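Participant: Sharing a structure with you now.
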Amino acid sequence: MDILHLVDRLEELFNNSRPIWLTKNVIINEDKILDIIDQMRVTIPEEMKKAQQVLSQRDRILAQAQEEANRTLALAREKSDHLMERDSIAQAARVQANEIISKAHADAERARRDADKYVIDTLMRIEYELERMLNQARNGILTLQSLAAGEQPPDMREDTQPSQED
């Protein structure tokens, strides 16, 4: 189950809850919210697996780039050796081989940077979503605990919205 779907269900449960008159509190079905929280506990490790898959994909891309660079270098050396046998174009062969080697290194570095950026962006997005969901779950737990203790819970809606001053 998708974690965002569970967050939507949690929000729907909250929005469909009965308000307590003259307060900002609502009555939430404890079994339903605990069921959603349990499902979140199961789903979050799945999200972590997805992050690990992204890291594995990055490693695979880097390995492919390194392999391609090695092949290019081998071809460049082979071509360079062949050209070195000819006296008249030996200097041109060295220049061309160095250009091919430089290009191979640049291509490998570019591929590594692109893979790193992709992984960082993906992990940051996952981290943001996980933090947001964790805050929502904590707020729901605090509200339920306050209701169970007969206390007036703090207004959690204000904590989840950015302030006007920011």
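Participant: Once ligands and nucleic acids are excluded and a 1.4 Å probe is used, how much of K50 is accessible, expressed in Å² to the nearest 10?
Facilitator: So the heavy atoms of K50 present about 100 Å² to solvent.
Participant: Okay, helix-only estimate at 222 nm for the chain: each DSSP H run of n ≥ 4 adds -39500 (n - 2.57), divide by all residues, round to 500 deg cm²/dmol; what do you get?
Facilitator: Per the formula, -29000 deg cm²/dmol.
Participant: Here's something else I'd like to know. Hey, what does the equivalent ellipsoid look like for the stretch 89-149, semi-axes from the Cα gyration tensor as sqrt of 5 times each eigenvalue, largest first, whole Å?
Facilitator: 59, 4, 4
Participant: A follow-up question, please. For the full complex of protein chains and a 1.4 angstrom probe, list V95, V7 by accessible area with the highest value first.
Facilitator: My answer, sorted largest first, is V95, V7.
Participant: Would you please calculate the Kirkwood hydrodynamic radius of the chain over all C-alpha pairs and express it in Å, rounded to one decimal?
Facilitator: About 20.8 Å, per the Kirkwood formula over Cα pairs.
Participant: Can you give the accessible area of M124 in Å² (nearest 10), computed on protein heavy atoms with a 1.4 Å probe?
Facilitator: About 120 Å², ignoring ligands and nucleic acids.
Participant: Could you give the nm distance between label points at D38 and N70, where each point is 7 Å from its Cα heading toward the beta carbon?
Facilitator: Result for the modelled spin labels: 5.1 nm.
Participant: May I ask you to list the lysines whose Cα is less than 20 Å away from that of K117, ignoring any residue fewer than eight positions away on the same chain?
Facilitator: Excluding near neighbours in sequence, the set is K49, K50.
The values are calculated or read from the model by the stated rules, or taken from the named source; none is laboratory data. Only a predicted model underlies this, so the values are computations on that prediction, with no experimental measurement involved. Please note: Cβ atoms are built from the backbone with ideal geometry, for glycine as well, and neighbour counts cover all protein chains shown. Heavy atoms of the whole protein, side chains included, go into the accessibility calculation; ligands, DNA and RNA do not. Shrake-Rupley method; radii C 1.70, N 1.55, O 1.52, S 1.80 Å.
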